[in-house]
Amino acid sequence: SVPTIYAITPTYYRYVQKAELTRISQTLKLVPNVHWIVVEDAEEKTNLVRNLILESKLIVTHLNAKTPPFEKFKDKERWKKHRGVEQRNAALTWLRNNLHLNIDKGVVYFMDDDNTYNIKLFQEIRKVKKVGVWPVGLVGGLNVETPILDSATGKVKGYRSGWKPNRPFAIDMAGFAINLDLMLAKPNAMFSYTMEKGLQESEFLSYFTTKEELEPLADNCTKVYVWHTRTEKPNVNGVVEGFEV
Ligand code: UDP
Ligand code: MN
């Protein structure tokens, strides 16, 4: 049978949340065999997200885990704040408590709510045996960040990355997926606030694999199937009552 893709989406309330989740859920409607894990950064699950999930008719696990205040208000500078840590960990704990090693088959992907996904990406994700990697568009100050392949071996030998290319894994959260077996076999692998913000991906991937073992996908890392888009904060100067936008 086709391996299930477990797509983990942290999400938080702001004006564009419903728009983002509409786009993501309708992308996932085009993908067979997905289990969407939506984790709200909130004290309680909201009706906005609950209704959107119901309407989507996708297979969904709906969780919530609030980012602690020390993290949320730590720094004025956006880039210093950890985002999605609590939520991704809640999803990982759910996977480890509810799925079974060697019985459930699938691949785990961190699918932020604001990126843009080509449905071809999910065909690539399904191929992942341990850890798969591919290029990510519009990130790190570059048009694309990508693993660099050794032309002789076809293996990853380095990274084109706008930021610290010498990180152990210079890969954005959107640029890799991990087989469920491996995720279940390494229960200690979690995200943490002690990791330097930009090293989250690197430190997390270090639990599972080495550079030499990475599986380059998307046509030997020549195709861009995901973009690290960021939605502009809308200017809302007036509120018309009676609408849930
Ligand atoms: N996120 C969250 N709580 C926050 C900030 C972000 O749950 O306080 C989620 C957000 O919805 C997204 C992920 O965490 O799915 C990554 O956040 P963002 O896209 O803002 O980070 P960036 O891409 O700018 O690094
Ligand atoms: Mn983002």
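All of the numbers you see were taken from the coordinates with simple rules; none came from a lab. Quantities reported herein were computed from a predicted structural model and do not represent experimental measurements. So basically every Cβ, Gly included, is an ideal-geometry build from the backbone, and we count neighbours across all protein chains shown.
What to note about this one:
- In a DSSP loop and with at most 11 other Cβ atoms within 10 Å, the GluC sites (Glu not before Pro) in segment 176-245 are Glu232, Glu241, Glu244.
- Percent of beta bridges antiparallel (DSSP, the chain, rounded to nearest 5): 40
- Where only DSSP H runs of four or more residues are counted, the chain gives -7000 deg cm²/dmol as its mean residue ellipticity at 222 nm, each run worth -39500 (n - 2.57).
- Debye, to nearest 20: dipole size of segment 1-104, +1 on Lys, Arg Cβ, -1 on Asp, Glu Cβ: 320
- Of Val139, Gln200, Pro165, farthest towards positive along the dipole that unit charges on Lys, Arg, Asp, Glu beta carbons give segment 82-215: Pro165
- Radius 11 Å from Cβ of Met183, net charge of other residues (Lys, Arg +1; Asp, Glu -1): +1
- Computed magnitude of the charge dipole of the chain (debye, nearest 20; Cβ of K, R +1, Cβ of D, E -1): 280
- Per DSSP, loop GluC sites (Glu not before Pro) in segment 44-137 with at most 12 further Cβ within 10 Å: Glu44, Glu77
- Going from the residue with the fewest nearby Cβ atoms within 10 Å to the one with the most, His100, His62, His35 rank His100, His62, His35.
- Positive minus negative residues near Lys130 (Lys, Arg vs Asp, Glu; Cβ under 15 Å): +2
- Sites matching trypsin sites (Lys or Arg not before Pro) across segment 145-179 that sit in DSSP coil, with at most 16 neighbouring C-beta atoms within 10 Å: Lys155
- Within segment 102-122, backbone nitrogen closer than 18 Å to the virtual label 7 Å beyond the Cα of Asp219 toward Cβ: 117-122
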